[in-house]
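Chemist: One structure follows; several queries about it will come next.
The values are calculated or read from the model by the stated rules, or taken from the named source; none is laboratory data. If you're wondering where the values come from, they're calculated on a predicted model, not measured in any experiment. Counting neighbours? That spans all protein chains shown, and the Cβs are built from the backbone with ideal geometry, glycine included. The accessibility values were calculated without ligands, DNA or RNA, using every heavy atom of the protein model including side chains. Shrake-Rupley method; radii C 1.70, N 1.55, O 1.52, S 1.80 Å.
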Amino acid sequence: MNYRHAFHAGNFADVVKHALFCRLVRYLQRKDGAIRIYDTHAGPGLYDLGGDEAARTLEHESGIAALAAADRAIRENPLLADYWAAIEPDLAARRYPGSPLIARRLLRPQDRLSAYELHPQDGAALRALFAGDTAVKAIALDGWLALGAHVPPKEKRGLVLVDPPYEKLSEVDDIAAALHKAIARWRGGVYAVWYPIKKPAMVERLKEALAAIAPAEIVFAEFCREPLGRDERFVGTGLAVVNPPFVFAEEAEALFALLAPVLERGSKATYSVKECRSRPS
């Protein structure tokens, strides 16, 4: 797919993914104990919506710009309020925060973030963004290697966000292999894997691979702003959550209902939230 994120920052998939991500973080923060968030493909952390890449696609206009123009009651809904508060400071300057900056704005004093980015330019931008911030480690390391080496965290509880660019044919295998190692080391972690809904065969392969390695329950939350077509356009976004919070499926369903009239394109948006138990190992 080659999902180079500077071209797609703030699009409908970002709105859905980051809103769900915020709900996961807030659930983990219901307890006072510290949590660790891992972001395996963090990117630069902040995107210029007026830059060349974003201007070439204008995808943010039907994503975050559509949400900004929607009824205020939608943005103030408890399911969206934390997400909106995390991104709003940058919108006036035509910027959109990536997942590591959103995560940072959700952290409590006791929480920590580990953000990984291997691309030299993006990694340098990420480290500059968090320079001097003791709550964040911005690390120039392959996110797949990090999952095998840096879990479990000393905090014991936390969340891994896996958000790769889907540039390689081996991406599904890479995800499955990395998560298999991570889960073996940290069985109780929450793992959230983003995927584009574009090629149904790839989505099914990913679901099968994740279901095979999940230690217990897994939820697949999918939002399509328009129907799938034969041209395999990017029409939807999914988040697979291994070890989901018990309220996640219910909140995802309600969140999708809230966002559907804002983000749908042409025809009505469709969405589904499916819970499944992994096969016994």
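Chemist: Could you give the length gained on full extension between GLU253 and ALA124, defined as 0.36 nm per residue of separation minus the Cα-Cα distance, in nm? Don't skip to the answer; put the middle values down first.
Modeler: Values: separation 129, 0.36 × 129 = 46.44 nm, distance 3.73 nm.
Value of the extension gain: 42.7 nm.
Chemist: Could you work out how far apart the two model spin labels at ALA212 and ASP173 are, taking each label as a point 7 Å from the Cα in the direction of the beta carbon, and quote it in nm?
Modeler: Once both label points are built, they end up 1.1 nm from each other.
Chemist: Which percent of Cα-Cα pairs in the chain sits in each 10 Å bin, short to long?
Modeler: The distribution over the chain is 7, 31, 40, 21, 2, 0, given as percents.
Chemist: Any chance you could run the full-extension gain for ARG105 through GLU155? It's 0.36 nm times the residue separation minus the Cα-Cα distance, nm to one decimal.
Modeler: Using 0.36 nm per residue and subtracting the Cα-Cα distance, I get 16.1 nm.
Chemist: Which one, ALA68, GLY188, PRO165, projects farthest toward the positive side of the charge dipole computed for the chain from Cβ point charges (K/R +1, D/E -1)?
Modeler: So the residue furthest toward the plus end is GLY188.
Chemist: Work out the length of the dipole vector of the chain about its Cα centre, built from +1 on the beta-carbon of each Lys and Arg and -1 on the beta-carbon of each Asp and Glu, and round it to the nearest 20 debye. Walk me through the numbers before you get to the answer.
Modeler: Working: 37 positive and 36 negative charges, 163 e Å.
Computed charge dipole of the chain: roughly 780 debye.
Chemist: Continuing with the same structure: Residues in region 146-161 near a label at GLU53, defined as backbone nitrogen under 13 Å from the 7 Å Cα→Cβ point?
Modeler: Under cut-off, by backbone N: nothing.
Chemist: Rounded to the nearest 500, what is the 222 nm mean residue ellipticity of the chain from helices alone, with -39500 (n - 2.57) per DSSP H run of 4+ residues and division by all residues?
Modeler: Numbers: 11 runs with 114 residues, N = 281.
The per-residue figure over the chain is -12000 deg cm²/dmol.
Chemist: Top mean-square fluctuation among VAL172, VAL241, VAL15, Gaussian network model of the chain, C-alpha springs under 10 Å?
Modeler: Among VAL172, VAL241, VAL15, the largest mean-square fluctuation in the Gaussian network model of the chain belongs to VAL172.
Chemist: Sticking with this structure for a sec: Counting other Cβ atoms within 10 Å of each Cβ, which GluC sites (Glu not before Pro) in region 1-83 have at most 13 and sit in a DSSP loop?
Modeler: On the way: sites: GLU53, GLU59, GLU61, GLU76; in loops: GLU76.
Passing both the DSSP loop test and the Cβ count: GLU76.
Chemist: Ignoring ligands, DNA and RNA, what accessible area per residue does region 175-248 give at 1.4 Å, in Å²?
Modeler: Values: 2840 Å² over 74 residues.
Result: 38 Å² per residue.
Chemist: Could I ask something else about it? Hey, got a sec? Which GluC sites (Glu not before Pro) in region 196-279 land in a DSSP loop and have at most 16 other Cβ atoms within 10 Å?
Modeler: Numbers: sites: GLU204, GLU208, GLU217, GLU222, GLU232, GLU250, GLU251, GLU253, GLU264, GLU275; in loops: GLU232, GLU264.
Passing sites in region 196-279 are GLU232.
Chemist: Carbon-plus-sulfur fraction of the accessible area of region 201-270, 1.4 Å probe, in percent? List each step's numbers first, then the result.
Modeler: Numbers: 1580 of 2970 Å².
Summing carbon and sulfur atoms, their accessible area is 53 percent of the total for region 201-270.
Chemist: Also: Taking a quarter of the surface of the convex hull around the Cα atoms of region 131-254, what do you get in nm²? Provide the component values of the computation, followed by the final result.
Modeler: Values: hull surface 36.8 nm².
For region 131-254, the mean projected area of the Cα convex hull comes to 9.2 nm².
Chemist: Between ALA138, ALA103, ALA93, where does the largest GNM mean-square fluctuation fall for the chain, given springs only between Cα atoms within less than 10 Å?
Modeler: The residue with the greatest mean-square fluctuation here is ALA93.
Chemist: I've got another one for you. When the chain is fully extended, how far beyond the present Cα-Cα distance does LEU141 get from GLU88, taking 0.36 nm per residue of separation?
Modeler: Fully extending the segment from LEU141 to GLU88 adds 16.1 nm.
Chemist: Can you pull out the trypsin sites (Lys or Arg not before Pro) in region 16-51 that DSSP calls coil and that have at most 12 other Cβ atoms within 10 Å? Walk me through the numbers before you get to the answer.
Modeler: Working: sites: LYS17, ARG23, ARG26, ARG30, LYS31, ARG36; in loops: ARG30, LYS31.
Sparse-neighbourhood loop trypsin sites (Lys or Arg not before Pro): ARG30, LYS31.
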